[in-house]
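First the structure, in the form of structure tokens, and then the observations on it.
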Amino acid sequence: MILPFAVFFGFAFALLPKKRARRIFWVMVLILACIFSCLLAYASVTSVWRPYQMQDDVALGEYEGVFPWAKLSYPFYLNVFHSPVDQWWDDGRYIYGQARFSIFIANLKVTEADGTFWFRMIEGPAPLHYSIDVIFLSDPETFYVFLIILFTILNIIGALLGIVFAKTLRARVRR
């Protein structure tokens with residue numbers, strides 16, 4: 001939310017026309033704000049949802065994603081805690097356990113979603129598979145999309161605040 005605010009504050013302050021802006025200008029700025037916010041949200045959530053390397057240090061314990069990608073929507077960010085339960089063999093070695101997703105606002109935990117995870121132990125990176133225990137969002141893909149939409153909305157709010165502050169400051173400077 002801080003990065004979209006800063007980017008669109010600078011963008012709007014630098015590019016606001018001296019005369020009254022046309023509607024097409026504001027439509028283009030809003031479309032750019034939405035696209036930019038969605039890209040930041042996608043990078044923030046994906047950095048935590050799909051770890052770069054699936055090794056013991058990532059899979060077992062707390063994981064906040066790869067810096068700076070996971071913090072692009074700061075002060076809102078995502079964290080996941082993996083606690084392994086068991087291992088089994090069936091065409092290979094699998095590890096499964098409990099996963100707890102937490103959403104933070106400036107290092108203050110707002111909400112959590114519990115679930116399970118599993119992955120196959122192979123040499124090199126391996127994808128994580130989740131199952132989420134939220135009533136309406138039990139499908140992992142639905143929960144993933146929900147997180148991206150939530151972070152996108154928060155980033156759009158930050159971008160719009162940046163535009164409003166730039167417009168207000170520009171009006172004050174002109175006087």
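The values are calculated or read from the model by the stated rules, or taken from the named source; none is laboratory data. Remember, predicted model here, so these are calculated numbers, not experimental data. Don't worry about glycine lacking a Cβ; one is built from the backbone with ideal geometry, like all the others, and counts go over all protein chains shown.
Summary table below
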read-out: Sole exception among (1) at pLDDT 75 or above; (2) under 20 Å from the mean Cα position of the chain (by Cα); (3) surrounded by fewer than 17 Cβ atoms within 10 Å (Cβ to Cβ) for Ala41, by number; value: (3)
read-out: Some residue of region 53-61 being at pLDDT 80 or above, out of contact with any Pro (no Cβ under 8 Å at 6 or more places or on another chain) and assigned to a helix (DSSP H, G or I); value: no
read-out: Which listed residue is loosely packed, with under 13 Cβ neighbours inside 10 Å and modelled with pLDDT of 85 or more, from Leu108, Leu161, Leu154; value: Leu108
read-out: Per-region count, region 19-38, residues at pLDDT 85 or above and either in contact with a Pro (Cβ under 9 Å, 6 or more places away or on another chain) or basic (Lys, Arg) (or both); value: 3
read-out: Check on Phe117, over 26 Å from Asn155 (Cβ atoms), part of a strand (DSSP E or B), modelled with pLDDT of 80 or more and of a type outside the set (A, V, I, L, M); value: yes
